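Everything below concerns the one structure shown next.
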Amino acid sequence: MNYDVVIIGSGPGGYVSAIRCAQLGFKTALIEKYTTLGGTCLNVGCIPSKALLDSSEHYHNAVHVFAEHGLEGEAPRVNLQKMLERKQSVIDTTVGGIQFLMKKNNIDVLTGVGSFVDAHTVGVTSAEGTQQVTAKHFIIATGSKPVELPFAPFDKERIISSTEALQLKEIPKHLIVIGGGVIGLELGSVYQRLGSAVSVVEFADSIIPTMDLSLGKELQRILKKQGMQFYTSTRVEKVERAGEEVLVKALDKKGATVELTGDYCLVAVGRKPYTTGLNAEAVGVQLDDKGRVVVNDQLQTTVPHIYAIGDVVRGAMLAHKAEEEGVLVAEQLAGQKPHIHYDLIPGVVYTWPEVAGVGKTEQQLKEEGRAFKVGSFPMRALGRARASGDIDGLVKILADAQTDEVLGMHIVGARAADLIMEGVVAMEFRASAEDIARISHGHPTYSEAVKEAALDATAKRALHA
Ligand code: FAD
Ligand code: NAD
C-alpha cells in the first residue's frame, strides 16, 4: 500500500497527527505494535493514573474529610479489584474512542511493529506476518519507556515501574518511591491515600525540582502533613530484593546512610526515548547521546521526509506537547506555517492539591538576569477555599519589572490543573499582570487567587491579603 503519510506509534502524538493529516486530505496510515491504540498515555500513563488518583481521593475524603462536613457513618472499605476494573473500563472506553476516530477519519490502522526497510518503506510485522507500506512522508511517534537504575533492574513484582504500579494486586504496606518527580508523587499519593506508608527518596534538594522551587517546597509540606515521608538530597546506592521485601540503601548529602525496607519499590527516575526495532538509524535518522531522534525546528529528522514528534524527541515528555507537535507536522506538510510556543506548555502534577506551572520559573529568570516582580496569594484567604476546605497552596505570578508582562505562573492548590490555563492564555496574548488583575473573576472561585496574585504582582495591591 502507498500512502501520503505513515505514522509509527499511536500515542497522543501519533493518533492526533493522524487525525490532522486526514483532515488535511492526506491518505494516512497509523502503525501500532499493540492491539490497543493510545500509547503510554491512554493505556499505562495519564488516563489510568488519573482514574486511580480520583478513586483514591474519594476514599481519602470519605475516611478523613467527610466527618468535618458533618457526614457521619461507617467508612467505606477499599475493594482494589473493583477499583482496578473501573480503571480498566475507563481505559477501554477511551481507547475505543480513538479506534472510532480512526474509522471516522478513514485512517488505516496497521497492527504490528513498524521497522524501516528503506527510507520510503516500512515493514509492519505481527503474528500474521509482515506487510510493507510505502509513503511520501513518515512520522516517528514511538514514545518512551521508563528509565531503569543499573543497580535496580525492574523485576516487575516488587521492584516496579509505573506500569506495574498501576495494576498491583494488593495495597503495599510500605511503598518506597525512588524519584520525587511527577510519577513518584502521583502514584505515591494513590497508595498513601489507600493506606500504604510511602517514603520518597529524591536525589535533588527538592521534590519536582524542575518546576518553580516554591512549588516543591509547598507541595512537600502538604504531602508530609498527609503522611508521606521524604528523603531529599539523598542518592540511592543499592536496591535489593529479599523474598517479599525490598531493601533500599541510600546516602544523604552529609554522607549518612539511609536504609529503608518496604514490600514494593517504585522506581520513577524519568523516561527514555524508545526506538527499539524501528531500524531508523539504518536509513539515516540520527539519534543523540540520550537516544532521542534528532529533529530541527520543523521536527524534521536528518532524513528530510521523515519527521519525529512527542516523547521520542527533545523537550517535555507530555501528552499535550506530543499532540501539538503532531498537528504542527501535519499542517507543515499541507504547506501551512504553524508554530509551537514551547515555553507555554503547561506542566501539571495531579496530587491533591494539584500543582501547575507555565512559563519561566523564578530560578530561570534569575539565571537569565532578567528583572522581574513577584506577586503571590495564598489559597487560604479565599472564601471558595474555606468553603471546600482546600486551604493549602498559593498562586505565584512572575512579571517583567518594567513592562509588567506576565512571564510565569505557578500554582499549588485545588484545581490548579485547570486554573493554570488562565496563565497560558494570558501569556499567549502577552498580557500584563495588570490585564489579569482588571478582569472580573467569578466569585467565589479558586480563580480569584489568580486575580489577587496579579494585583500583588502589578502594584502590591491584593484586596484580600
Ligand atoms: P507514547 O504515548 O509512548 O506512544 C508511543 C506508541 O508507539 C506506543 O503505543 C508504542 O507501542 C508504539 N510503538 C513504539 N515503537 C513502535 C514500533 N516500532 N512500531 C509500532 N508501534 C510502536 N503526560 C501528560 O501530559 N499528562 C499526564 O497526566 C501524564 N501522566 C502520565 C502518567 C504516567 C504513569 C506516565 C508513564 C506518563 C504520563 N504522561 C503524562 C506522559 C505521557 O504519557 C507521554 O508524554 C505521552 O504518552 C507521549 O506520547 P507519544 O505519542 O510521544 O508516545
Ligand atoms: P521526572 O523527571 O518527573 O522525575 C524523576 C525524579 O527522579 C527527578 O526529580 C530526579 O531528580 C529524580 N531522580 C533521578 N535519579 C534519581 C536517583 N538515582 N535517586 C533518586 N532520585 C532520582 O520523571 P518521572 O516522574 O519518572 O516521569 C517521567 C515523565 O513522565 C516525566 O517527564 C513527566 O513529564 C511524564 N509524566 C507526566 C505526568 C503529568 O503530566 N502529570 C505524570 C506522570 C508522568
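Contact list please: Cβ distance under 7 Å, first residue in the range 429-454 and of a type in the set (Lys, Arg), second residue assigned to a helix (DSSP H, G or I), pairs at least six apart or on different chains.
Lys451/Ile436; Lys451/Ala437
Which condition number in (1) open to solvent by 30 Å² or more (accessible area, probe 1.4 Å); (2) assigned to a loop (DSSP other than H, G, I, E, B); (3) of a type in the set (A, V, I, L, M) is the one that Leu37 fails?
(1)
With within 24 Å of Leu328 (Cα to Cα) and either in the same structural domain as Gln23 (by TED's automatic domain parsing) or in contact with a Phe, Trp or Tyr (Cβ under 6 Å, 6 or more places away or on another chain) (or both) as the only criterion, which of Met83, Met102 stands out? Spell out the reasoning first.
Working: Met83 fails: within 24 Å of Leu328 (Cα to Cα).
None of the others qualify; the one that does is Met102.
Looking only at residues in the range 263-280 that are away from ligand 2 (no atom under 15 Å from the Cβ) and within 18 Å of Ala165 (Cα to Cα), which one is nearest to the chain's Cα centre (by Cα)? Give the derivation first.
Pass one, the range 263-280, residues away from ligand 2 (no atom under 15 Å from the Cβ): 263-264, 275-280.
Okay, now just the ones that are also within 18 Å of Ala165 (Cα to Cα), so 263-264.
Numbers: Asp263: 26, Tyr264: 23 Å.
Among residues in the range 263-280 that are away from ligand 2 (no atom under 15 Å from the Cβ) and within 18 Å of Ala165 (Cα to Cα), the one nearest to the chain's Cα centre (by Cα) is Tyr264.
Residues in the range 43-51: is at least one within 20 Å of Ala319 (Cβ to Cβ), away from ligand 1 (no atom under 16 Å from the Cβ) and part of a helix (DSSP H, G or I)? Walk me through how you get there before you give the answer.
Step one: filter the range 43-51 for residues within 20 Å of Ala319 (Cβ to Cβ), giving 43-51.
So of that shortlist, the ones also away from ligand 1 (no atom under 16 Å from the Cβ) come out as none.
Checked the range 43-51: no residue is within 20 Å of Ala319 (Cβ to Cβ), away from ligand 1 (no atom under 16 Å from the Cβ) and part of a helix (DSSP H, G or I).
Name the residue that is nearest to Glu325 (Cα to Cα), counting only residues in the range 102-153 that are assigned to a loop (DSSP other than H, G, I, E, B) and of a type in the set (Val, Ile, Thr).
Keep residues of the range 102-153 that are assigned to a loop (DSSP other than H, G, I, E, B), which gives 105-107, 112, 119-120, 127-128, 141-143, 147-148, 150-151, 153.
Still in the running and of a type in the set (Val, Ile, Thr): 107, 142, 147.
Working: Ile107: 19, Thr142: 13, Val147: 23 Å.
Top of the filtered list is Thr142.
Do we have any residue at all in the range 284-295 that's buried (at least 19 other Cβ atoms within 10 Å of the Cβ), in the same structural domain as Val117 (by TED's automatic domain parsing) and either modelled with pLDDT under 95 or touching an Asp or Glu at 6+ places or on another chain (Cβ under 8 Å) (or both)? Don't jump to the end; show me each part of the working.
Taking the range 284-295 and keeping what is buried (at least 19 other Cβ atoms within 10 Å of the Cβ), we get 285, 292-293, 295.
The next check asks that each one be in the same structural domain as Val117 (by TED's automatic domain parsing); those that pass are 285, 292-293, 295.
Remaining after also requiring either modelled with pLDDT under 95 or touching an Asp or Glu at 6+ places or on another chain (Cβ under 8 Å) (or both): none.
No, that holds for no residue.
Kindly indicate whether any position in the range 332-348 is open to solvent by less than 20 Å² (accessible area, probe 1.4 Å), among the hydroxyl-bearing types (Ser, Thr, Tyr) and within 26 Å of the chain's Cα centre (by Cα).
Looking for residues that are open to solvent by less than 20 Å² (accessible area, probe 1.4 Å), among the hydroxyl-bearing types (Ser, Thr, Tyr) and within 26 Å of the chain's Cα centre (by Cα), one finds none in the range 332-348, hence no.
Within the range 5-21, can one find any residue that is assigned to a loop (DSSP other than H, G, I, E, B), small (Gly, Ala, Ser) and more than 20 Å from His137 (Cβ to Cβ)? Spell out the reasoning first.
Our first condition is that a residue be assigned to a loop (DSSP other than H, G, I, E, B); within the range 5-21, this holds for 9-11.
When the remaining residues are screened for being small (Gly, Ala, Ser), the result is 9-11.
Still in the list and also more than 20 Å from His137 (Cβ to Cβ): none.
No - not one qualifying residue is present in the range 5-21.
State all residues of the range 154-195 that are assigned to a loop (DSSP other than H, G, I, E, B) and under 23 Å from the mean Cα position of the chain (by Cα); if no residue qualifies, say none.
From the range 154-195, those assigned to a loop (DSSP other than H, G, I, E, B) are 154-158, 161, 166-173, 179-181, 195; that's our starting set.
Of everything in the range 154-195, those that are assigned to a loop (DSSP other than H, G, I, E, B) and under 23 Å from the mean Cα position of the chain (by Cα) turn out to be Phe154, Lys156, Ser161, Leu166, Gln167, Leu168, Gly179, Gly180, Gly181.
The values are calculated or read from the model by the stated rules, or taken from the named source; none is laboratory data. Predicted model only: the values in this text are computed from it and were never measured. Using ideal geometry, Cβ is built from the backbone for each residue, glycine included, and neighbour counts are taken over all protein chains shown. To get the accessible areas, we keep the full protein, side chains included, count just its heavy atoms, and leave off ligands, DNA and RNA. Shrake-Rupley method; radii C 1.70, N 1.55, O 1.52, S 1.80 Å.
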